[in-house]
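The values are calculated or read from the model by the stated rules, or taken from the named source; none is laboratory data. Please read these numbers as outputs of a predicted model, since none were measured by experiment. Quick reminder, even Gly has a Cβ in these numbers, built from the backbone with ideal geometry, and neighbours come from all protein chains shown. Surface areas here come from the heavy atoms of the whole protein model, side chains and all, with no ligands, DNA or RNA. Shrake-Rupley method; radii C 1.70, N 1.55, O 1.52, S 1.80 Å.
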Amino acid sequence: MSDNLLEIRGLQVAFDGFRALDGVDLTVGAGELRFLIGPNGAGKTTLIDVITGLTRPTAGSVRFGGQELVGRREHQIVRLGVGRTFQTSVVFEELTVLENLDLAASFRRPLWSLLRSRRGVPETVDKALETTGLTALAGSRAGVLSHGQRQWLEIGMLIAQEPRLLLLDEPVAGMAQDERARTGELLTQVARDHTVIVVEHDMEFLRRYASQVTVLHEGRVLTEGSVEQVRADPRVQEIYLGRAREGAEDAVR
Amino acid sequence: MTAFQDSQPAIEAPPPDPAAPAPAEPSVTGGPSVTGGPSVTGGPGRRARLAGPAAFAAVAVVMLVVMPLALEPFRLGLLAKYLCYAIVALGIGLAWGKGGMLTLGQGVFFGLGGYAMGMYLKLHDAGGDLPDFMVWSGVEKLPALWGPFGNPAFALAMVVVLPVVMALLLGALVFRQRVRGAYFAILTQALAAALVILLVGQQGLTGGTNGLTNFFDFFGQDLAADSTQRGLYLVVALVLGVLYLAAWQLVRSRFGRLLVAVRDGEDRVRFLGYDPATVKTLTFAISAGMAGIAGALFVPVVGIISPALLGVVPSLELVVAVAVGGRYALAGAVLGAVVMGYAKTYFSEELPEAWLYLQGALFILVMTLAPKGLAGVAAALRHVRTSRRAAA
Ligand SMILES: Nc1ncnc2c1ncn2[C@@H]1O[C@H](COP(=O)(O)OP(=O)(O)OP(=O)(O)O)[C@@H](O)[C@H]1O
Ligand SMILES: [Mg+2]
């Protein structure tokens, strides 16, 4: 059990009586790349929100590396080594790409040392630029980036934080086909030396890059397993077929 | 690596352009562009980089050499007063422009600094007796609160300590609870109103509505003498210059970038591992300290500190001035305070009733048509000129 980086038990979240999460158990081992899927409103984003302190659960626990995360504030959870991206990417448009990454990389520095000017570029920032392929855009304002580039910048900021656990909420949503492929490669690369949880709807993407999959449905874990196992599960076929006939049929085939 | 090496010179560049546009318009200052940083080999990049320090130096020469020679004592005194306001405006520019904290109560901190200085001067002038206004209001013994302010070192320390501590306490209470936006603005405004009521109510302790006035001696100098006022002007101008450079360093540091990030996406900043409440509280405290220093300088320059100088209206007027000058640029804030100071003096002499409305109209005009204020307009003009030159 000590190999498990993340252990979620009996997690419940209610919004005005509506149960967004209804007793979720989830275990993710160190070094794993885990995909989290489920139809719209299944509670995927809510789950990430709870892990990262944005939403308080009504019951249950989230243990990360043996420490309880529930009850801690967002920045404290980041400081323990949990990083996330958002479904709609949020970068600081006024700052340059480099400055965005540099801020992400600097949170462990004492506050007073932030008052000095930045001299040079920290190695982690350099690496994040390289990994995300944004080196040529380092000096540009983040506001001028394309949608895909923003998502990469967010992933880059996440890498620059050097977290132990990365949570990515739909990193390829709204991306063009070639951008998806690049993101997939990026993901595979990041997953080599990090523990990663990816929320993703896109079945094609899943087929290509996923190994372990957890299916969430109406606030509960429906099933868990390899991509093949999950795809063969009739209940999974049903929720996808029931919800959205067109795309889903192809998805579970 | 090459991209960073290119952008390094911009990061190392010394002093700022006092008339510079906000970072909102990096293209104008020749900041890093989409194609990489300003070129290392000089050209427009180098010129843009030197424009800032050159403009700062030029303004410094005008303020420190030309003005004292050109202006008669009365006019120089007025300018000194506006520069005191400019110091407050600098703090507002930092808190509001860079940090997104609309503070409508800077008069509180200005007042704390002003009263700390005023108390020392009153005690010094009284030379061991009770200050004159206390005698008039029938106070027989020096109130305990006043005692330590007879010591100049203590009083000068309090000029900064009182506003900073108060802002730290307020910030710690308010920002941790995620109070922001209009709620924060109203809270600071209420604070200004409360302080006025407190001061007015304590006639014997604070001089009431009249405040503290009738100062004669300032650290051994006769306050009525032109030479003293000239010296005070120079001190105010120097303090403003030093604080400007400090604020500019703060803005370009990592902390400054973090501050802008907090302004634009406080909730996102938490997920970078920082507590926005800390960043905001510190910045608010710095802006409060600036207001305190300004208040302390204001007292010998103008000869009075009273509730009317630090209430809701003067606090608002300074925010309007910063908006008119351009809140996103530190230089805009400073410029706004001076311009609006002159405008107020002029219009209050010529059309006293119209000033209030004029000011309101100007504020609305700026907020709707030129949200970046005078600094933004200047930057836009410069941009047009450079692109014309580039086209030619
Ligand atoms: N703050 C909130 N208040 C009320 N209801 C909410 C809130 N956040 C989420 N919900 C509801 O909780 C359910 C789960 O939402 P969640 O965003 O976690 O779904 P999701 O699996 O991420 O879906 P999607 O694929 O559309 O992103 C939805 O029915 C949603 O409407
Ligand atoms: Mg979601």
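Anything in the stretch A:66-79 that is buried (at least 17 other Cβ atoms within 10 Å of the Cβ) and facing chain B (nearest Cβ under 10 Å)? List them, or say none.
Passing the criteria: A:Glu74, A:His75, A:Ile77, A:Val78, A:Arg79.
Any residue at all in the stretch A:213-225 that is within 17 Å of A:Arg34 (Cβ to Cβ), away from chain B (no Cβ under 12 Å) and part of a helix (DSSP H, G or I)?
no
Can you say whether A:Val82 is of a type outside the set (Lys, Arg), more than 16 Å from ligand 2 (Cβ to nearest atom) and at negative phi, as far as the supplied structure shows?
yes
Filtering the stretch A:46-66 down to residues that are of a type in the set (S, T, N, Q) and farther than 23 Å from A:Ala105 by Cα, which residue is farthest from ligand 2 (Cβ to nearest atom)?
Restricting attention to the stretch A:46-66, the residues satisfying the condition of being of a type in the set (S, T, N, Q) are A:46, A:52, A:55, A:58, A:61.
If we keep only those that are farther than 23 Å from A:Ala105 by Cα as well, we get A:46, A:55, A:58, A:61.
Values: A:Thr46: 8, A:Thr55: 12, A:Thr58: 19, A:Ser61: 22 Å.
The residue in question is A:Ser61.
Consider B:Arg176 against the criteria (1) open to solvent by 20 Å² or more (accessible area, probe 1.4 Å); (2) modelled with pLDDT under 95; (3) within 22 Å of B:Ile87 (Cα to Cα): it satisfies all of them except one. Which criterion is unmet?
(3)
Please specify each residue of the stretch B:243-269 satisfying the condition of being among the β-branched types (Val, Ile, Thr) and more than 10 Å from chain A (Cβ to nearest Cβ).
If the condition is that a residue be among the β-branched types (Val, Ile, Thr) and more than 10 Å from chain A (Cβ to nearest Cβ), then B:Val251 is the only one that fits.
Only residues that are more than 24 Å from the chain's Cα centre (by Cα), touching a residue at least 24 places away in the same chain (Cβ under 8 Å) and over 18 Å from B:Gly220 (Cα atoms): list them for the stretch B:132-175, please.
B:Asp132, B:Phe133, B:Met134, B:Ser137, B:Gly138, B:Val139, B:Pro143, B:Leu145, B:Trp146
Scan (1) over 30 Å from A:Leu222 (Cβ atoms); (2) within 16 Å of ligand 2 (Cβ to nearest atom) for the single condition A:Ser106 breaks and write down its number.
In the conditions (1) over 30 Å from A:Leu222 (Cβ atoms); (2) within 16 Å of ligand 2 (Cβ to nearest atom), A:Ser106 misses (2) alone.
From A:Arg79, A:Arg84, grab the single residue that is of a type in the set (D, E, K, R) and under 30 Å from A:Gly17 (Cβ atoms).
Only one candidate qualifies: A:Arg84.
Please specify each residue of the stretch B:296-345 satisfying the condition of being surrounded by fewer than 19 Cβ atoms within 10 Å (Cβ to Cβ) and in contact with an Asp or Glu (Cβ under 8 Å, 6 or more places away or on another chain).
B:Lys344
Say whether the condition of being among the β-branched types (Val, Ile, Thr), at negative phi and away from ligand 2 (no atom under 16 Å from the Cβ) is met by at least one residue in the stretch A:161-182.
no
Residue-by-condition table, conditions (1) facing another protein chain (nearest Cβ under 7 Å); (2) open to solvent by 10 Å² or more (accessible area, probe 1.4 Å); (3) more than 26 Å from A:Gly38 (Cβ to Cβ):
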| position | (1), (2), (3) |
| --- | --- |
| A:Thr124 | no, yes, yes |
| A:Glu130 | no, yes, yes |
| A:Ala136 | yes, yes, yes |
| A:Arg150 | no, yes, no |
| A:Val172 | no, no, no |
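Suppose we filter A:Gly31, A:Gly43 for residues that are in contact with an Asp or Glu (Cβ under 9 Å, 6 or more places away or on another chain), within 16 Å of ligand 2 (Cβ to nearest atom) and at pLDDT below 95; which single one remains?
Working: A:Gly31 fails: within 16 Å of ligand 2 (Cβ to nearest atom).
Checking each option against the conditions leaves just A:Gly43.
Which numbered condition trips up A:Leu167, out of (1) more than 14 Å from A:Arg84 (Cβ to Cβ); (2) in contact with a Ser or Thr (Cβ under 7 Å, 6 or more places away or on another chain)?
(1)
For the stretch A:188-204, give me the residue count where each residue is more than 16 Å from ligand 2 (Cβ to nearest atom) and touching a Ser or Thr at 6+ places or on another chain (Cβ under 8 Å).
Residues in the stretch A:188-204 being more than 16 Å from ligand 2 (Cβ to nearest atom) and touching a Ser or Thr at 6+ places or on another chain (Cβ under 8 Å): 2 in total.
Give the residues of the stretch B:343-354 that are assigned to a helix (DSSP H, G or I) and modelled with pLDDT under 85, sorted by residue number.
Hits for the stretch B:343-354 are B:Ser348, B:Glu349, B:Glu350, B:Ala354.
Taking only the stretch B:80-121 into account, find how many residues are more than 18 Å from B:Met290 (Cα to Cα) and open to solvent by less than 10 Å² (accessible area, probe 1.4 Å).
The number of residues fulfilling the criteria is 1.
One residue is enough: does the stretch A:182-196 have a residue meeting the conditions open to solvent by 30 Å² or more (accessible area, probe 1.4 Å), touching a residue at least 12 places away in the same chain (Cβ under 8 Å) and within 16 Å of ligand 1 (Cβ to nearest atom)?
Checking the stretch A:182-196: not a single residue is open to solvent by 30 Å² or more (accessible area, probe 1.4 Å), touching a residue at least 12 places away in the same chain (Cβ under 8 Å) and within 16 Å of ligand 1 (Cβ to nearest atom).
Could you list all residues from the stretch B:63-74 that are surrounded by 12 or more Cβ atoms within 10 Å (Cβ to Cβ) and under 26 Å from B:Gly292 (Cα atoms)?
Scanning the stretch B:63-74 gives B:Met63, B:Leu64, B:Met67, B:Pro68, B:Pro73.
Given the structure, is A:Gly156 in a helix (DSSP H, G or I), within 14 Å of another protein chain (Cβ to nearest Cβ) and without any contact (Cβ under 8 Å) to a residue 60 or more places away in the chain?
In short, yes.
For the stretch A:19-135, which helices (runs of 4 or more DSSP H) that fit wholly inside it have 1 or more residues that are within 15 Å of ligand 1 (Cβ to nearest atom) and under 25 Å from A:Leu186 (Cα atoms)? I'd like the intermediate steps shown before the answer.
Values: elements: A:44-51, A:74-80, A:97-105, A:123-132.
Once the helices (runs of 4 or more DSSP H) in the stretch A:19-135 are filtered for at least 1 residues that are within 15 Å of ligand 1 (Cβ to nearest atom) and under 25 Å from A:Leu186 (Cα atoms), what remains is A:44-51.
Only one of B:Ala277, B:Ala285 is more than 24 Å from A:Val82 (Cα to Cα), hydrophobic (A, V, I, L, M, F, W, C) and more than 9 Å from chain A (Cβ to nearest Cβ). Can you tell me which?
Values: B:Ala277 fails: more than 24 Å from A:Val82 (Cα to Cα).
Just a single option satisfies the conditions, and that option is B:Ala285.
So B:Arg230 fits all but one of (1) in contact (Cβ under 8 Å) with a residue 60 or more places away in the chain; (2) in contact with a Leu (Cβ under 7 Å, 6 or more places away or on another chain); (3) surrounded by 20 or more Cβ atoms within 10 Å (Cβ to Cβ); what number is the exception?
(3)
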